[in-house]
Amino acid sequence: MSDRRMVLVGATGLVGRSLIARSAHCRSFRLAAVARRRIELPRGVRMEMFVAEPDYWAETIAALKPEVVVSALGTTWKKSGRDEAAFRAVDEELVLAVARAAKAAGTRQFIHISSAGASRASRHLYLRVKGEVEEALARLRFARLDILRPGLLRGRREEDVRPAEALMQAASPLTDLFLHGQYRRYRSISADRLVDTIHGLAREKAGGRFVHEHDGLLRAARRHLALTP
């Protein structure tokens, strides 16, 4: 097992849980998670879980000194009570607080899960905030910043049941067939495949800012799988 450490924030969501479950198959990094509450770890997974209120996450990240930080933080417009301030508190303020803590701790690479269509010029609040956060992360000047822009995420959520999303997931094999050209970026991707992407990008040595949409996400995942015994 490598001595290099990867820290995950957003452990209780779909991607976070998948990253934890698949960590047993990744020997490039030692995974640790920072979260508000403890979750049950899958059988066979050995990792560190640090439970604290967000006000103390910076101290934890500073103590861990991770080489890579993965931000899988995010809420929904509905869960935020359809309140812009509450939505921004998670998707903007908390994400940037974690990023600043990572930068201060000497983290080389920050991997952030954004969304297909993210743009500060968007008329939709969700996508506009995502775009604003991407630009703010770029200003922190990590040695390497990876912005992931998946479309619909496929996978089973443990606690956060979303009936509309479940219907979209069921229809995605068909609807994806109609997304071509500039609309390919909105094609669905499984949480497990996105985790393969994260593991693949964490192996990259080149510095800079990189934005990965659907096809780029799949390419990075394939590179990782090709290098995994």
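The values are calculated or read from the model by the stated rules, or taken from the named source; none is laboratory data. The structure displayed is predicted, hence computed values, not measured ones. All Cβ positions, even for glycine, are placed from backbone atoms using ideal geometry, and neighbour counts span all protein chains on display.
Can you confirm whether residue 4 is in contact with a Pro (Cβ under 9 Å, 6 or more places away or on another chain), of a type in the set (Lys, Arg), closer than 23 Å to residue 227 by Cα and at pLDDT below 95? Show your work before the answer.
Values: in contact with a Pro (Cβ under 9 Å, 6 or more places away or on another chain): yes; of a type in the set (Lys, Arg): yes; closer than 23 Å to residue 227 by Cα: yes; at pLDDT below 95: yes.
Yes: the conditions hold for residue 4.
Among 175, 107, which is of a type in the set (Val, Ile, Thr) and over 18 Å from the mean Cα position of the chain (by Cα)? Before the answer, list the steps.
Working: 107 fails: over 18 Å from the mean Cα position of the chain (by Cα).
One residue alone meets the criteria, 175.
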Cβ contacts < 7 Å: first residue within 18 Å of residue 6 (Cβ to Cβ), restricted to segment 191-213; second residue buried (at least 21 other Cβ atoms within 10 Å of the Cβ) and acidic (Asp, Glu), any location; separation 6+ or different chain. Result? 201/146; 210/146; 212/146
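For a quick check of your reading: which helices (runs of 4 or more DSSP H) sit entirely within segment 122-221 and have at least 1 residues that are over 30 Å from residue 41 (Cβ atoms)?
On the way: elements: 125-139, 163-175, 191-202.
Correct list: 125-139, 163-175.
Of the residues 220, 191, which is within 26 Å of residue 166 (Cβ to Cβ) and modelled with pLDDT of 95 or more? It would help to see each step written out before you state the result.
Values: 220 fails: within 26 Å of residue 166 (Cβ to Cβ).
Every option except 191 fails the conditions.
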Of the residues in segment 75-121, how many are part of a strand (DSSP E or B) and touching a residue at least 60 places away in the same chain (Cβ under 8 Å)? 3
Filtered residue count, segment 19-34, keeping only those that are hydroxyl-bearing (Ser, Thr, Tyr) and crowded, with 21+ Cβ neighbours inside 10 Å: 1
Being of a type in the set (Asp, Glu) and either part of a loop (DSSP other than H, G, I, E, B) or farther than 17 Å from residue 89 by Cα (or both) is the filter here, so list the residues in segment 33-61 that pass it. 40, 48, 53, 59
Using beta carbons and a limit of 9 Å, which pairs, at least six apart or on different chains, have the first residue in segment 158-169 and modelled with pLDDT of 70 or more and the second one not charged (D, E, K, R) and not in a helix (DSSP H, G or I)? 165/152; 165/153; 168/152; 168/188; 169/152; 169/153; 169/155; 169/188
Among the numbered criteria (1) over 24 Å from residue 13 (Cα atoms); (2) in contact with a Gly (Cβ under 6 Å, 6 or more places away or on another chain), which one does residue 220 miss? (1)
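From the list 35, 85, which residue is more than 30 Å from residue 187 (Cβ to Cβ) and out of contact with any Gly (no Cβ under 7 Å at 6 or more places or on another chain)? Working first, answer last.
Details: 35 fails: more than 30 Å from residue 187 (Cβ to Cβ).
Exactly one of 35, 85 is more than 30 Å from residue 187 (Cβ to Cβ) and out of contact with any Gly (no Cβ under 7 Å at 6 or more places or on another chain), namely 85.
Test residue 50 against the criterion of being in contact with a helix residue (DSSP H, G or I) (Cβ under 6 Å, 6 or more places away or on another chain), surrounded by 18 or more Cβ atoms within 10 Å (Cβ to Cβ) and aromatic (Phe, Trp, Tyr), and give yes or no. Working first, answer last.
Details: in contact with a helix residue (DSSP H, G or I) (Cβ under 6 Å, 6 or more places away or on another chain): yes; surrounded by 18 or more Cβ atoms within 10 Å (Cβ to Cβ): yes; aromatic (Phe, Trp, Tyr): yes.
Yes; evaluated as a whole, the condition is true for this residue.
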